[in-house]
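Notes follow the structure.
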Amino acid sequence: MTSNGKYALEARNLNIFYGNFRAVRNVSMQIESNKITALIGPSGCGKSTLLRSFNRMNDLVLGSHAEGEILYRGQNLYGNNVDPVEVRRRIGMVFQKPNPFPKSIFDNIAYGPRILGQRNKKILAEIVEKSLRQAALWDDVKDNLKKSGLALSGGQQQRLCIARTLAVEPEIILMDEPCSALDPIATLRIEELMRELKENYTIIIVTHNMQQAARVSDYTAFMLMGQERAGELIEFNQTDRIFTQPADSRTEDYITGRFG
Amino acid sequence: MSVSENTTASTTQYLPNEEQLQKNIARRNRQAKFWEYVFLASIILAIVSLLMLFFSIIRQTFSYVVVYNQVNPDTLADKPLEELSSDELTAVIITFYQSDANDLRTLVFNEVLGLSSSDQQAIRDRERAKETVTVKEIAGDKNKEYPAESAEKSIIRLTVPEYAQFIQLNFDDDALYDFVVEYVVQPLIVGSWPLDEYLLDRDSIDADIIQIEDQLREINDDPSIEVSEPKLRSWLQWHLIVDTIDLSRPEDAGLRTAILGSLMMISITILVALPLGVGAAIYLEEYAQGGWMERLIQTNIDNLAGVPSIIYGILGLALFVRILDDITQGRTILSAALTMALLILPVIIINAQEAIRSVPDSLRQASYGIGSTKWQTVWNHVLPNAMPGILTGTILAISRAFGETAVLVVVGSITRITVDPSGPLSRYTVLPLQIYALITQPQAQFRNVAAAGILLLLAILLSLNAAAVILRNRFSKRAV
């Protein structure tokens with residue numbers, strides 16, 4: 001199945017540019033399958049840019065381009081014959097602010113399968129139920145699937161967005177600060193959900209919240225703005241090692257709250 | 001008086017001292033109040049001007065008129081006209097048209113049989129070819145009653161009593177009475193005064209009436225002539241919508257041709273401009289990469305929205321009327337609609353762009369994030385959410401195009417046309433131009449017709465806009 005085995009994604013000497021500005025410099029990292037990897041670091045260190053390069057969402061920014069490789073199943077995502085539309089289906093994304101479509105809960109989730117060509121109503125209903133169950137939202141909404149997705153609470157909206165991503169059966173889920181707009185209880189529920197999801201999915205999460213990174217992630221990557229304001233990967237290791245015995249003094253400074 | 005009295009004032013040297021702060025706050029509040037009144041005044045001014053506009057139209061639409069009967073009804077019979085039976089009314093017609101069989105025939109053709117001018121021409125041609133066009137044939141063709149004894153006679157060679165009988169058979173009592181009033185008594189509106197003038201300045205109107213009577217007596221050499229009492233007349237009547245223009249009799253003037261012309265033109269304009277405009281906006285907002293070409297196009301579109309319409313008229317004349325003559329057939333509705341589409345295209349594009357830009361980016365990202373293509377994102381998310389804004393722009397554009405006059409003067413609308421437009425390639429006139437033509441007529445009563453026409457124009461415009469608003473609300477509801 002995969003040529004790079006236990007790794008879901010592998011970045012090799014990845015550089016990301018916005019026009020002439022280099023936002024991320026020489027990042028190489030291997031992301032293990034069925035684990036949660038957290039990207040932490042101060043604002044402007046390029047962690048969101050890095051995350052968005054994993055499913056080529058950065059392509060949507062005018063004037064952006066990438067150098068280097070991101071290997072997914074042995075294939076370079078930035079290769080010539082790779083269609084970003086297909087990449088984004090296999091590598092789904094959950095955003096900072098919950099962004100359900102202004103449609104019903106059902107349509108929010110059925111939208112993905114529909115555009116992929118699934119028209120069978122029975123199958124769509126099954127997908128919707130399965131996705132909502134996986135996102136731990138089914139019990140909350142099963143009686144009013146016709147209700148607008150925007151009528152849900154913030155935490156429910158975010159779980160709806162996760163369910164929507166799951167509906168197109170991705171392998172990897174990218175989460176860009178998924179809890180920053182949520183209250184602590186909703187945050188805990190999302191974290192719990194992430195732990196359940198990693199049974200079947202590989203998750204990469206960007207977070208500003210170091211406790212969150214410590215609580216949920218298996219691996220942590222610490223990034224920092226380096227020369228010419230380009231983001232660099234300082235340290236990447238198992239989460240408990242990063243938080244207990246960081247190899248780099250800058251990592252230690254950051255996680256102990258000495259700066260950033 | 002203020003917060004600072006209870007607390008110990010502790011402003012540093014960087015801020016003005018306490019006394020100055022107090023003074024400042026009073027001044028700042030005065031300033032705020034001043035601008036509040038300025039804004040209120042501008043709203044009031046706007047409402048007052050709108051009301052004045054409406055008033056000036058209403059006072060002309062509903063006016064007091066005096067009528068002069070060209071034939072005094074009292075001389076026609078020994079009873080008042082309203083009390084005459086059907087037979088007696090027919091007798092009146094016969095007496096009046098005794099020596100004018102031709103006139104009566106024309107009336108029968110137009111009012112009873114409803115024959116078009118080409119039908120009438122065809123009948124005349126066949127008669128000239130020594131053929132007998134029978135009453136039976138024509139009346140039967142139009143499903144009308146006809147006197148049995150004249151069934152086989154030529155329809156253009158009946159006698160006056162026969163024509164009168166024809167009329168009587170097809171009209172009920174009321175219609176017959178109306179026919180006698182219109183074609184025998186022939187009332188003529190000889191004076192018209194706006195509503196407010198009549199209510200406020202009766203004396204000068206009485207003087208005017210005396211003057212009018214004097215003139216009529218002099219012209220007709222009949223000292224007994226009298227005009228009716230002034231009575232209120234609404235010029236906004238059904239016949240305004242269903243009749244064609246008549247620039248000799250204001251009471252009969254209708255705007256049907258112009259209404260049809262306007263509606264037909266605006267439909268084609270929208271059909272052309274809306275897809276083109278929205279398409280251009282989608283390209284500029286969603287696909288364009290921001291190169292110099294696109295910036296140039298954008299600048300041009302922004303500027304084109306402010307170009308005076310007469311210039312579009314000249315463009316339309318050169319392009320659609322002259323160069324593309326083979327397609328548009330010259331000065332036709334199609335030429336006008338295409339020119340108008342050019343005129344409103346920038347407005348539609350700019351508003352659609354604004355609407356598309358206001359669709360939150362998070363929605364696009366959500367769509368891309370689950371593997372939508374660009375087109376799926378635009379079609380399923382961007383467009384539906386931008387639709388209310390796009391329709392708002394369209395409303396503005398329709399309003400502009402519907403009331404536009406200068407362009408159509410140049411691309412060749414005609415004002416004296418009485419034939420309905422039959423399709424995109426027919427000659428035409430439009431409401432604003434027709435209203436202009438009415439106002440420039442010498443007879444004062446045409447201004448009343450024009451005012452009623454303006455009300456009609458506003459009514460049509462408002463219904464078009466209402467349709468767009470309903471559509472917009474349906475879209476905004478779906479978007480939430």
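Remarks
- Alpha-carbon Debye profile of chain B, log10 I(q)/I(0) at 0.07, 0.12, 0.13 Å⁻¹: -0.62, -1.18, -1.26
- Using alpha carbons only, the radius of gyration of segment B:256-479 set against its Kirkwood radius gives Rg/Rh = 1.04.
- Taking the DSSP bridge list for chain A and keeping only pairs wholly inside it, about 55 percent are antiparallel.
- Reported value for the protein assembly as shown: 319 Å³ per residue, from the convex hull of its C-alpha atoms.
- Among A:56, A:119, A:90, the largest mean-square fluctuation in a Gaussian network model of chain A, built with springs joining Cα atoms closer than 10 Å, belongs to A:119.
- FRET E, pair residue A:61, residue B:252, Förster distance 60 Å, beta-carbon r, rounded to 0.05: 0.35
- Backbone amide hydrogens, once placed in the peptide plane, bring residue A:38 within less than 5 Å of A:205, A:218, A:219, A:220, A:221, excluding anything fewer than 5 places away on its chain.
- Residues of segment A:77-100 buried by at least 30 Å² of accessible area upon assembly of all protein chains, compared with the chain on its own (1.4 Å probe): A:85, A:88, A:95, A:99.
- Histogram of C-alpha separations across segment A:156-247, 10 Å bin width, %: 14, 44, 31, 10, 0
- Per residue, the solvent-accessible area of chain B (1.4 Å probe, heavy atoms of protein chains only, all protein chains present) comes to 54 Å².
- Relative to the Cα centre, the charge distribution of segment A:106-174, modelled as +1 at Lys and Arg Cβ and -1 at Asp and Glu Cβ, gives a dipole magnitude of about 240 debye.
- Residue-wise HN-Hα couplings along segment B:42-53, as the Karplus relation 6.51 cos²θ - 1.76 cosθ + 1.60 with θ = phi - 60° gives them from phi, are 5, 4, 4, 4, 4, 5, 4, 5, 4, 5, 4, 4 Hz; Gly and Pro carry x.
- Taking a Cβ cut-off of under 9 Å around residue B:370, the surrounding Lys, Arg, Asp and Glu residues balance to a net charge of +3, with basic ones at +1 and acidic ones at -1.
- Spin-label model distance (nm) - residue A:26 vs residue B:40, 7 Å beyond Cα toward Cβ: 6.9
- Summing Cβ point charges (Lys, Arg +1; Asp, Glu -1) relative to the Cα centre of the protein assembly as shown gives a dipole of roughly 5000 debye.
- Buried accessible surface for the A/B chain pair comes to about 1800 Å², total over both chains, computed with a 1.4 Å probe.
- When nucleic acids and ligands are ignored and a 1.4 Å probe is applied, residue B:124 ends up with an accessible area of around 100 Å².
- The mean of 1/r over all pairs of different alpha-carbon atoms in segment A:2-73, once inverted, gives a Kirkwood hydrodynamic radius of 12.7 Å.
- The residue among B:71, B:99, B:158 whose Cα reaches farthest toward the positive pole of the charge dipole of segment B:71-185, with charges on the beta-carbon of Lys, Arg, Asp and Glu, is B:158.
- For segment B:264-275, Karplus couplings with θ = phi - 60° (6.51, -1.76, 1.60), whole Hz, Gly/Pro x: 5, 4, 5, 5, 5, 4, 5, 4, 7, 6, 5, x
- Other residues within the sphere of radius under 15 Å centred on the Cβ of residue B:140, judged by their own Cβ, net out at -1 (K and R +1, D and E -1).
- Each other residue within a Cβ distance under 12 Å of residue B:224 adds +1 if Lys or Arg and -1 if Asp or Glu, for a net charge of -4.
- Crossing angle, helix B:445-479 versus chain B [Cα axis fit, 0-90 degrees, rounded to tens]: 40
- For the set A:65, B:381, solvent exposure ranked by accessible area (probe 1.4 Å, protein chains only) runs largest to smallest as A:65, B:381.
- Point-charge dipole on Cβ atoms (K/R +1, D/E -1) for segment A:96-210, about Cα centre, debye to 20: 560
- Between helix B:202-220 and chain B: long-axis angle, C-alpha atoms, 0 to 90°, nearest 10: 40
- Think of the protein assembly as shown as having a plus end and a minus end, set by charges on the Cβ of Lys, Arg, Asp and Glu; of A:117, B:44, B:230, A:117 sits farthest toward the positive end of this dipole.
- Simple spin-label estimate for residue B:271 and residue B:13 in nanometres, 7 Å along Cα-Cβ: 8.0
- For segment B:1-160, the Stokes-Einstein estimate of translational diffusion at 10 °C and a viscosity of 1.306 mPa s comes to 65 µm²/s, using the Kirkwood hydrodynamic radius over alpha-carbon pairs.
- Net lengthening on full extension, residue B:444/residue B:206 (0.36 nm per residue, minus Cα-Cα): 84.0 nm
- Under Karplus coefficients 6.51, -1.76 and 1.60, residue-wise ³J(HN,Hα) of segment A:51-60 in Hz, glycine/proline x: 4, 5, 6, 5, 10, 6, 5, 5, 4, 6
- Taking amide H atoms as placed 1.01 Å from N in the peptide plane, the amide H of residue A:234 lies under 5 Å from those of A:222, A:223, A:224, each 5 or more residues away in sequence or on another chain.
- Rolling a 1.4 Å probe over the protein heavy atoms of segment B:157-202, with every protein chain left in place, gives an accessible area that is 51 percent carbon and sulfur.
- Applying D = kT/(6 pi eta Rh) to segment B:47-134, where Rh is the Kirkwood radius over alpha-carbon pairs, T corresponds to 37 °C and eta to 0.692 mPa s, the Stokes-Einstein value obtained is 185 µm²/s.
- Between residue B:143 and residue B:422, the FRET efficiency estimated from the beta carbon spacing at R0 = 35 angstrom works out to 0.90.
- Rounded to the nearest 10 degrees, the inclination of helix B:292-304 to the longest alpha-carbon principal axis of chain B is 50 degrees.
- Annotation for segment A:168-260: trypsin sites (Lys or Arg not before Pro) lying in DSSP loop with at most 12 further Cβ atoms inside 10 Å of their Cβ are A:258.
- Solution diffusion estimate, µm²/s, Stokes-Einstein, segment B:85-168, Kirkwood Rh from C-alpha pairs, 20 °C, viscosity 1.002 mPa s: 165
- Between residue A:43 and residue A:180, residue separation times 0.36 nm minus the direct Cα-Cα distance comes to 48.0 nm.
- Here is the tail figure for segment B:150-300: Cα pairs spaced more than 22 Å apart come to 71 percent of all pairs.
- Built amide H within the under 5 Å cut-off of residue B:332, gap 5+: none
- At the residue level, residue B:134 shows approximately 30 square angstrom of accessible surface with a 1.4 angstrom probe and all protein chains present.
- Reduced Cα scattering model of segment A:64-208, Debye log10 I(q)/I(0), q = 0.14, 0.18, 0.20 Å⁻¹: -0.67, -1.05, -1.24
- Two-decimal Rg to Rh for chain A - Kirkwood Rh, Cα set: 0.97
- Length gained on full extension, residue B:305 to residue B:474: 58.0 nm, using 0.36 nm per residue less the C-alpha separation.
- Rounded to 0.05, the FRET efficiency of the residue B:458 and residue B:238 pair, given R0 = 25 Å and the Cβ-Cβ distance, is 0.90.
- A helix-only calculation puts chain B at -19500 deg cm²/dmol for mean residue ellipticity at 222 nm, using -39500 (n - 2.57) for each DSSP H run of at least four residues, averaged over all residues.
- Point-to-point label distance, residue B:314-residue B:134, nm (Cα→Cβ direction, 7 Å offset): 6.5
The values are calculated or read from the model by the stated rules, or taken from the named source; none is laboratory data. The structure presented is a predicted model; accordingly, all values stated were derived computationally and were not measured. Note: ideal-geometry Cβ built from the backbone for every residue, glycine included; neighbour counts use all protein chains shown. Ligands, DNA and RNA are excluded from the accessible area calculation, which covers all protein heavy atoms including side chains. Shrake-Rupley method; radii C 1.70, N 1.55, O 1.52, S 1.80 Å.
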